[in-house]
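*Asks:* Attaching a single structure in structure tokens format; questions to follow.
No value in this document is a laboratory result; all are computed from the given coordinates. Bear in mind that the values here come from a model prediction, so they are computed numbers and not experimental data. Cβ atoms come from the backbone with ideal geometry, glycine included; neighbour counts cover every protein chain shown.
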Amino acid sequence: MLSIQNLTAAVDAKTILKGLTLEVPAGEVHAIMGPNGAGKSTLGYALAGRPNYDITGGSVTFNGEDLLDKEVHERAAAGLYLSFQYPLEIPGVPALTFLRTALNSQKKLRGEAEVTAPEFLKKVREVAKSLRIDMDMLKRPLNVGFSGGEKKRMEVLQMAMLEPKFLILDETDSGLDIDALKVVSDGVNALRAPDRGMLVITHYQRLLDHIKPDQVHVLVAGKIVRSGGPELALELEAHGYDQYLGVAA
């Protein structure tokens, strides 16, 4: 589904990713773990097409198509979704308006019929209830005044409404207490499907106690230095990343 080959990327002319190779098949959840500054968030931003994150080498194919040849909105319409570590606030734009506009914009790009207001409201009520999101909150400007947990639940609501083919979760557990972590993780797990892939970026094992990965990859200094099963996350929790720092040099 997602194939990354020898990817190099720079931010403000500083090379961060240094020949990263990764394969994530459809139906699988892969976790990326690594120390601060390893390039975890850079990978997510580069795949999503964020400005100033320049691809300087390598290739990325998504469902057999060249991902890097697409503009940001085209990547989103193709089914790529990036959940931010720190979701943006958008004053003046109600969350409901944002959600429906985003959904119909993607459908238009794909040549699909737009969702009607009654259809949209029916589905958003169902999803919001499962995520413990009050409908009054959806009438407020997107993420403005929201707590960290509310912002992360809003991200999962967007995923459920947009139904992307591939999710990149950038430190979804950041700023969540135990209860909020379980609600958000349950929402993410509900999106697991045979035709959908996920890349979970995290520092800590605790998120992976709730979102069980098929594979775990250690990212250090811009490269994948080791891959393994879920037990690798437990090893990292116990022993840290120091053992891999020399490997990436």
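*Asks:* Working only within the range 53-91, note down all residues that are over 21 Å from M159 (Cα atoms) and either of a type in the set (D, E, K, R) or within 15 Å of the chain's Cα centre (by Cα) (or both).
*Replies:* D54, E65, D66, D69 - these are the residues of the range 53-91 that are over 21 Å from M159 (Cα atoms) and either of a type in the set (D, E, K, R) or within 15 Å of the chain's Cα centre (by Cα) (or both).
*Asks:* Quick one: count up the residues across the range 164-190 that are under 13 Å from the mean Cα position of the chain (by Cα) and of a type in the set (D, E, K, R).
*Replies:* Result for the range 164-190: 4.
*Asks:* Go through (1) within 22 Å of V24 (Cα to Cα); (2) out of contact with any strand residue (DSSP E or B) (no Cβ under 6 Å at 6 or more places or on another chain); (3) aliphatic (A, V, I, L, M) one by one and return the number of the condition V200 breaks.
*Replies:* Unmet for V200, out of (1) within 22 Å of V24 (Cα to Cα); (2) out of contact with any strand residue (DSSP E or B) (no Cβ under 6 Å at 6 or more places or on another chain); (3) aliphatic (A, V, I, L, M): (2).
*Asks:* In this structure, does Y53 turn out to be within 23 Å of L176 (Cα to Cα), in contact (Cβ under 8 Å) with a residue 24 or more places away in the chain, among the hydroxyl-bearing types (S, T, Y) and out of contact with any Asp or Glu (no Cβ under 8 Å at 6 or more places or on another chain)? Talk me through it step by step, then tell me what you get.
*Replies:* On the way: within 23 Å of L176 (Cα to Cα): no; in contact (Cβ under 8 Å) with a residue 24 or more places away in the chain: yes; among the hydroxyl-bearing types (S, T, Y): yes; out of contact with any Asp or Glu (no Cβ under 8 Å at 6 or more places or on another chain): yes.
When the stated conditions are applied, Y53 does not pass them.
*Asks:* Going through the range 161-202 one residue at a time, which ones are more than 27 Å from E119 (Cβ to Cβ) and of a type in the set (K, R)?
*Replies:* K182
*Asks:* Go through the range 116-136 and count every residue that is over 24 Å from the mean Cα position of the chain (by Cα) and either surrounded by 15 or more Cβ atoms within 10 Å (Cβ to Cβ) or acidic (D, E) (or both).
*Replies:* 3
Each row is one residue, and each column tells you yes or no for (1) at positive phi; (2) in contact (Cβ under 8 Å) with a residue 60 or more places away in the chain.
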| position | (1), (2) |
| --- | --- |
| G145 | yes, no |
| A180 | no, no |
| P194 | no, yes |
| G197 | no, yes |
| D209 | no, no |
| P213 | no, yes |
| A221 | yes, yes |
| S227 | no, no |
